[in-house]
Number of protein chains: 2
Amino acid sequence: MRMYGNWRSAAAFRVRIALKLKGLAYEETFIDLDAGDQHKPEFRAINPQGAVPALFDGDGPPLTQSLAILDYLDETRGGPRLLPEDPRERARARSLAQVVACDTHPLYVPRVRTFLMDAYGLPKERMMAFVRHTFESGLKTLETRLSTEAGTGRFCQGETISHADLCLVSLWVGTGIFGVDTAPFPTVARIAQTCLEIPAFAESHPLRQPGAPQT
Amino acid sequence: MRMYGNWRSAAAFRVRIALKLKGLAYEETFIDLDAGDQHKPEFRAINPQGAVPALFDGDGPPLTQSLAILDYLDETRGGPRLLPEDPRERARARSLAQVVACDTHPLYVPRVRTFLMDAYGLPKERMMAFVRHTFESGLKTLETRLSTEAGTGRFCQGETISHADLCLVSLWVGTGIFGVDTAPFPTVARIAQTCLEIPAFAESHPLRQPGAPQT
């Protein structure tokens with residue numbers, strides 16, 4: 001398989017973790033989002049949305065949208081399942097994942113940040129206030145749910161890794177990049193740290209990918 | 001089943017269509033988003049995110065996030081399946097759905113519109129420019145994909161209704177509410193019109209729900 005990704009992309013990070021958890025061989029081509037390579041015709045031919053990740057599995061057309069790719073990998077490959085078997089538990093894991101992948105992450109991707117600065121003429125610091133507000137809203141929802149709902153265990157849903165954990169961690173690592181105060185979110189922090197001790201998560205970390213700033 | 005929704009909510013609209021397609025009996029309680037009822041403690045106890053829809057199925061905890069609810073209904077109920085059987089076709093239907101449910105709709109929900117006006121002090125017209133830009137970005141991605149990808153048929157994915165159609169229609173009806181020019185999106189228009197001739201879609205239309213403005 002070949003994935004088109006980027007070191008910083010939260011969505012590519014989720015897919016990278018899933019590929020590693022399932023032990024699948026893949027190569028990743030890094031699209032330089034800062035240089036605007038996602039808007040070049042050759043990448044638009046792969047994903048007209050101009051967004052990463054895009055995953056090629058054999059000769060088929062590219063697969064896009066991180067949650068759709070996670071489901072596809074579960075439906076076509078072995079290895080650990082990334083959703084519980086019980087429908088209610090599955091629904092809860094999906095719901096927690098979508099708090100991140102629908103209601104939080106899409107609000108701070110480069111195309112939104114660029115729009116706020118270029119079309120609205122907002123200075124970077126005001127744009128960043130929007131980004132931090134978005135993070136805090138998403139993290140607050142996760143913290144409230146994870147700290148009060150009976151389904152929470154070692155991971156977001158019970159004792160096994162699910163979509164929810166991949167999404168939670170993909171949000172969590174952004175708190176450092178965007179300077180978000182994480183003190184109010186101890187349950188999110190606990191689960192993120194639990195995940196990041198697992199090699200598939202640790203090796204997929206944005207800052208360990210080619211192109212990432214050296215820390 | 002009992003759904004907490006709102007006439008205008010695109011996400012509640014999707015779930016309403018699915019319930020009707022499957023012929024499931026349900027009642028809907030309308031949360032007044034303009035009055036801020038989603039932030040009241042009694043609704044936050046149902047969904048700490050303060051967002052609709054929330055669906056109660058028997059005595060279990062509330063189900064939230066529209067795409068998670070669609071999967072849950074398919075996994076626990078009969079009636080027409082809302083995703084194709086083939087994994088690649090499923091992945092394409094999910095990806096198209098997520099272009100709307102992840103990358104478009106969450107950017108124009110009330111909490112974002114309110115933030116742009118209140119925290120940023122933007123006049124309503126500039127906020128609306130952001131909303132229209134968001135719609136146009138999502139519609140452009142859908143139009144490009146639907147008009148060029150081999151999987152498109154009478155519906156987004158082949159000849160059967162899927163998550164992608166529910167999401168496409170939920171975006172489409174917003175173009176009228178928010179004054180978005182739909183002329184550049186003929187394939188999206190064709191599929192939306194095909195869907196809206198089906199009773200489960202037509203009866204679920206936002207403007208046919210209690211609380212909607214009389215037209």
At 222 nm, what value in deg cm²/dmol follows for chain B if DSSP H runs of at least 4 each add -39500 (n - 2.57) and the sum is divided by all its residues, to the nearest 500?
-15500 deg cm²/dmol
Send over the Kirkwood Rh of chain A, from the inverse of the averaged 1/r over different Cα pairs, rounded to one decimal Å.
17.7 Å
If we hang a label 7 Å off Cα along the beta carbon direction at residue A:78, how far is it from the matching labels on the other copies, in nm, shortest first?
3.6
Aspartates and glutamates with Cα under 12 Å of residue B:40, excluding same-chain neighbours fewer than 8 positions away
B:32
Mean separation of Cα contacts under 8 Å, 6 or more apart, over the residue count of the stretch A:2-80: relative contact order %
37 percent
What residue of chain B has the nearest C-beta to the axis that moves B onto A, and what is that distance in Å, given as a whole number?
B:102, 2
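Which of rounded, prolate, oblate describes the stretch A:1-91, given a ≥ b ≥ c as roots of the alpha-carbon gyration tensor eigenvalues and a/c under 1.5 marking rounded, otherwise prolate only if a/b is larger than b/c?
Prolate.
At a 10 Å Cβ-Cβ cut-off, how would you order A:66, B:137, A:9, fewest neighbours first?
Values: A:66 31, B:137 19, A:9 26.
Placing the least packed residue first, the sequence is B:137, A:9, A:66.
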Distances from residue A:213 to the same residue in each other copy, label points 7 Å out along Cα→Cβ, in nm, shortest first?
4.6
Could you pull the Rg and Dmax for the protein assembly as shown, using just the Cα atoms, both in Å?
20.1, 59
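Using the Cα centre of the stretch A:1-110 as the reference point, and only Cβ charges (+1 on K/R, -1 on D/E), how large is the resulting charge dipole? Debye, rounded to the nearest 20.
Dipole size: approximately 280 debye.
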Residue A:76 label point, 7 Å along Cα→Cβ, cut-off 19 Å on backbone N: hits in the stretch B:67-87?
B:83-87
7 Å along Cα→Cβ, label-point gaps from residue B:124 to other copies, nm, shortest first
3.6
Which residues qualify? For residue B:5, with a placed amide H closer than 5 Å and at least 5 residues away or on another chain, they are B:29, B:30, B:31
Under the Karplus relation 6.51 cos²θ - 1.76 cosθ + 1.60, θ = phi - 60°, what is the ordered set of whole-Hz ³J(HN,Hα) values for the stretch A:32-39, x standing for Gly and Pro?
7, 5, 5, 7, x, 5, 5, 9
Can you list the HN-Hα couplings for the stretch A:91-103, worked out from phi with the Karplus curve (6.51, -1.76, 1.60; θ = phi - 60°), rounded to whole Hz and with x for Gly and Pro?
4, 5, 4, 5, 4, 4, 4, 6, 4, 7, 6, 9, 9
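Can you tell me the relative contact order of chain A? Whole percent, Cα pairs under 8 Å, sequence separation 6 or more.
Working: 274 pairs, mean separation 52.7, N = 215.
Across chain A, relative contact order equals 25 percent.
The numbers here are math on the coordinates, done by the rules we state, and not lab data. Here the structure is a predicted model, which is why all the values come from computation and not from measurement. So basically every Cβ, Gly included, is an ideal-geometry build from the backbone, and we count neighbours across all protein chains shown.
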